[in-house]
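Read-outs throughout are calculated quantities, based only on the coordinates presented, and are distinct from any laboratory measurement. Model, not experiment: these values are computed from the prediction. Note: ideal-geometry Cβ built from the backbone for every residue, glycine included; neighbour counts use all protein chains shown.
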Amino acid sequence: MICRIKKAGFMLFLLLGMVSVYISGCAPTLADKETDKTDNEGKIAQTGVEQDGAESVAGNSGNGSIESESADDAEINFAVLQEENPDIFAWLQIPGTSIDCPVLQSEQADDFYETHNAYGEEDTTGAAYTELANLTNMCDFNTVIHGKAGKDGNGLFADLYRFSNPDFFENHEYAYIYLDGNLLTYEIFAAYERENTSLIRTYDFTYISGCQKFLDDLYGNRDMSMKIREGWENVSPYNYVITLTTQREENIDKQFVVIAVLTNDAAGTIDRMVIE
């Protein structure tokens, strides 16, 4: 039996209606799109981002170094970060873990940051990154973010494995993505181990059928160790999710994934249309 964790009081937003053309990038906000009012409102307020018009979350935090930057003060200085490496397009933070790092995408190769750090230097520890198939504006149905767990659990995404613990999963619900001018709040609703195959190549997330296939496979998983947060059984292709992936060096045939659904778009700019 799948381990199901109860979640109290959720409100799942859906984009109404199905459209037949996929637009690459963020369109203007659709009317009547609802978002879950989570308890992170204080964090959003600190960024200075408003729902009806975004002020930049880029501030003067840090001292101009990727290593010194942190989302703890609810400010990320993208201008400075992108001077150091223009491939940085987002910042990921998961409270209760050590994951507080930039997210990058390289035009050179999908797996460039598998073997390079956030400065673009050769480094076996790698960095957190997305593949070229994903948009960097976070408007895809599923943005897949990779990071290494490393040897003996000392890698950038090693703490993702903590979500395999039922108590940790129950008590750590949120992940945050900072963009230049926006703060996205996601609720973590699933965590499990799967075959180490490419999600981007297995599912075509530009089509509703590919999105639905991913969700059908997720909800159809019968692994007893899988965690599903109760109340999130109806995520649809009209939602926005992130999938964080990692694997241990001693078990490269398996990858551990943590999946979260967007519940708050502070600037109101995340939108898309989907091919039926």
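Residues whose amide H lies under 5 Å from that of Thr263, counting only those 5 or more places away or on a different chain, are Thr185, Tyr186, Glu187; hydrogens are built 1.01 Å from N in the peptide plane. Max-minus-min Cα coordinates of the range 153-196 on each principal axis give 34, 23, 21 Å, with the largest extent listed first. Amide H to amide H distances under 5 Å link Phe157 with Lys148, Ala149, where only residues 5 or more positions off or on other chains count and H is placed in the peptide plane. Each residue of the range 231-244 was assigned a 3J(HN,Hα) from its phi angle through the Karplus curve 6.51 cos²θ - 1.76 cosθ + 1.60 (θ = phi - 60°); the sequence is x, 10, 8, 10, 4, 10, x, 8, 7, 10, 10, 10, 10, 9 Hz, with glycine and proline shown as x. Ranked by how many other Cβ atoms sit within 10 Å of their own Cβ, fewest first, the residues Ser68, Ser198 fall in the order Ser68, Ser198. Taking amide H atoms as placed 1.01 Å from N in the peptide plane, the amide H of Val274 lies under 5 Å from those of Val19, Val21, each 5 or more residues away in sequence or on another chain.
Residues in the range 264-272 carry Karplus couplings, in order, of 8, 10, 4, 8, x, 10, 7, 7, 6 Hz; the curve used is 6.51 cos²θ - 1.76 cosθ + 1.60 with θ = phi - 60°, and Gly or Pro positions show x.
Rounded to whole numbers, the Karplus 3J(HN,Hα) couplings from phi for the range 111-124 are 9, 3, 8, 6, 10, 9, 8, 5, 7, x, 8, 4, 6, 5 Hz, using 6.51 cos²θ - 1.76 cosθ + 1.60 with θ = phi - 60°, and x at Gly and Pro.
In this simple spin-label model, placing a label point 7 Å from the Cα along the Cα-to-Cβ direction at both Leu132 and Ile275 gives a separation of 1.8 nm.
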